[in-house]
Structure formats: C-alpha cells, structure tokens
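To keep things clear, I will list the structure first and then write my remarks on it.
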Amino acid sequence: MYRTKLNIVELEQGDFHTLVNGRVAGRAVRMVLDTGASRSCMDMAYVAEMLPQLHTALHDGVTAGIGGDDFEVRTANIPDFHIGRLKLNCYETMALLDFSYINLAYQRLHRKPVQVILGNDFLVQHKAVIDYANKILLFEK
C-alpha cells in the first residue's frame, strides 16, 4: 500500500480543492485530486513546454466536461510518473487539455498553477482511499 499527503486548500470560503504533489519526468507537478473526473489529464501547455519531444495524438472518443464538449483533447504516454513512492514508468494515454481556464482562476486566487488532474481512472485502477480526516491518499500499485 502506498500513501501520500493530501493538501486541502480553501480557494474561497467553503470552496475546497484537494491537491497532491508528484513528479513527471523528474519535475515537480501539482495535481488536483478530482473524483468527478472520469480521466486523469495534464495541461497541454505544460507538456509542450516541459516535454516537447513527447508524441501526442488527437483523441477521437467522446469528451465532455463541466465546460461543455467543444474542446480539443490529445493523449500521450507520460514517462516517469510519480505520486509519493509510487513510480509508473509510463502513464499510458493521459488526456492532454488546455488548463488555462483552471490556472487563470488559481492565479486570481493567488495560488500556484496545477499541471495534472488526477481522475477516477487512476483512483479506481489503484484502489485509492481518500482519508480526509488524516489528509492522506492511500492506494495500491
């Protein structure tokens, strides 16, 4: 069983996000833990800047989110993906999205940007347990 610390931040009064720190290709990333997201995703601009050699492909499946369904989704295999002591040599078919609207909101609230949304694909596959009382995410490999 793996465990990592959760950071629960109050963005505005009564409005919380749960954050997890991780690493992608040796670089620190901030992840939002999102139990409402069906798939994990990464900021397309971050990938373009920090992993420019990464091959991406246009996703041709059904995509929808709170913002609607009119957005481009690409996918990529993300190398060297870490959460706590868990290391995945390759996170396969991570969705890549435009996070500008998310990070603009974070900027307005004087928060650091996020690079990953950790969704249900990861949480289910790794049998995750979110322990809010102790601020810990427990999961299996």
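Rule-based calculations on the coordinates, nothing more; no lab input. This one's a predicted model, so the numbers in the text were calculated from it and none came from an experiment. Cβ coordinates were reconstructed from backbone atoms using ideal geometry, including for glycine residues, and neighbour counts include every protein chain displayed.
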Between the modelled labels at Asn120 and Glu72 (7 Å from Cα along Cα→Cβ) the distance in nm is 2.8
Two pseudo-spin positions, 7 Å from Cα along C-beta at Arg3 and at Ala28, lie apart in nanometres by 2.3
Partner lysines whose C-alpha sits under 21 Å from that of Lys141, ignoring same-chain residues fewer than 8 away, are Lys5, Lys87, Lys127
Cα-based Rg and Dmax for the stretch 2-139, in Å, come out at 14.5, 41
Over the chain, the sum of -39500 (n - 2.57) across DSSP H runs of at least four, divided by residue number and rounded to 500 deg cm²/dmol, gives at 222 nm -4000 deg cm²/dmol
Computed about the Cα centre, the charge dipole of the stretch 2-139 from +1 Lys/Arg and -1 Asp/Glu charges at the Cβ has a magnitude in debye, to the nearest 20, of 780
